[in-house]
Amino acid sequence: MPQEQYPHRSTMQTSEGPQVYKVGIYGWRKRCLYFFVLLLMILILVNLAMTIWILKVMNFTIDGMGNLRITEKGLKLEGDSEFLKPLYAKEIRSRPGNPLYFQSARNVTVNILNEKTKVLTRLVTGPQAVEAHSQKFEVKTLSGKLLFSADDNEVVVGAERLRVLGAEGTVFPKSIETPNVRADPFKELRLESPTRALVMEAPKGIEINAEAGSLKATCRTELRLESKDGEITLNSAKIKLPNLPQGSSSSAGSRQKIYELCVCPNGRLFLSQAGGSSTCQINTSVCL
């Protein structure tokens, strides 16, 4: 009875059989995947070719890049180089035997900073001037001898000789202290004050010497030679005072050319014709 009631169950099991399911990407999805894989391979090849070209053009090697070489002591740069931004370095030097050039279209500025990045010393070389900003400026020889020094208080010239080659000489708005002022051989030495006084002072003495020429002192109003505790000596074979005033001459002695040098109480000098005795007392009107 059970077999007769369900005859169709056995027939269904034998007719269906095992089912097969396909796994993967098919159709347009598969074609898109192949396209993207091919595009990725092309990009990789192009990138690799560009990298090789850049390495070749920039001359990349194990030691560095182009003219830039990496050494044990630092970086070695050969040829001309251009820096578009500030350069920070402990030491910059050229190859042995070759000069070092700094070139700029406007100026070259060298700054010395402290730990707080404050400028302590600055050197600016511009198109119109070279400026140095520091507390003290010194120029020394290779042996360490001071040649020139300048600060807020004084300017020191340590060379044995200071030569001024300008045609107009040197202008000193204030005083100058030096043990010796002289001109080059066969050249004139002129000390001049166009609008003010010219004063020469020394604790021990002042010597004015012209070994191969003449000495001339010219002024517009008064020329004073003053010695407070000593004397003034004019030592020469000839002493001329050509423009001294003359006293009134007498008719008897008008033909003679001999004069007497007289001194007024105020120190003024004048000439008086010589006579049998002194004639200075007669011509005291010159002293008025």
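The values are calculated or read from the model by the stated rules, or taken from the named source; none is laboratory data. These numbers were taken from a predicted model, which means no experiment stands behind them. No Cβ is skipped: glycine too gets one built from the backbone with ideal geometry, and neighbour counts run over all protein chains shown. For the accessible areas, the whole protein counts, side chains as well, though only heavy atoms, and no ligand, DNA or RNA atoms are used. Shrake-Rupley method; radii C 1.70, N 1.55, O 1.52, S 1.80 Å.
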### Query
What are the principal axis extents of the Cα atoms in the stretch 12-159, in Å, biggest first?
125, 37, 33
#### Entry: Heavy-atom accessible surface of the chain: percent carbon and sulfur, 1.4 Å
55
#### Entry: Accessible solvent surface per residue of the chain, calculated while the other protein chains remain in place, 1.4 angstrom probe, Å²
100
### Query
Any idea what the relative contact order of the chain is, in percent, if you count C-alpha pairs under 8 Å spaced at least 6 apart?
5
### Task
Please return the longest stretch of the chain lacking exposed loop sites, where chymotrypsin sites (Phe, Trp or Tyr not before Pro) count only if DSSP places them in a loop and at most 10 other Cβ atoms lie within 10 Å.
187-288
## Note on the structure
Zone reached by a paramagnetic label modelled 7 Å from Gln103 Cα along Cα→Cβ, restricted to the stretch 56-79 with backbone N below 15 Å, covers 78-79
### Summary
Over the chain, cysteine residues that find no other Cys C-beta under 4.7 Å are Cys32, Cys219
### Query
So what is the calculated 222 nm ellipticity per residue for the chain, using -39500 (n - 2.57) for each DSSP H run with n of 4 or more, over all residues, to the nearest 500 deg cm²/dmol?
-5000 deg cm²/dmol
### Task
Select from Tyr34, Ser278, Ser94 the residue farthest towards the positive end of the dipole of the chain; place +1 on Cβ of Lys and Arg, -1 on Cβ of Asp and Glu, and compute about the Cα centre.
Tyr34
### Task
Scan around Tyr259 for amide H atoms under 5 Å from its own, H built in the peptide plane at 1.01 Å from N, and keep only partners 5 or more places away or cross-chain.
Ala274
### Message
Can you give me the orientation-averaged projected area of the convex hull built on the Cα atoms of the stretch 22-82, in nm²?
### Response
7.7
### Query
If the cut-off is 16 Å between C-alpha atoms, which lysines fall inside it for Lys73, apart from same-chain ones fewer than 8 positions away?
Lys90
### Query
Angle between the Cα long axis of helix 28-57 and the longest principal axis of the chain, 0 to 90 degrees, nearest 10?
30
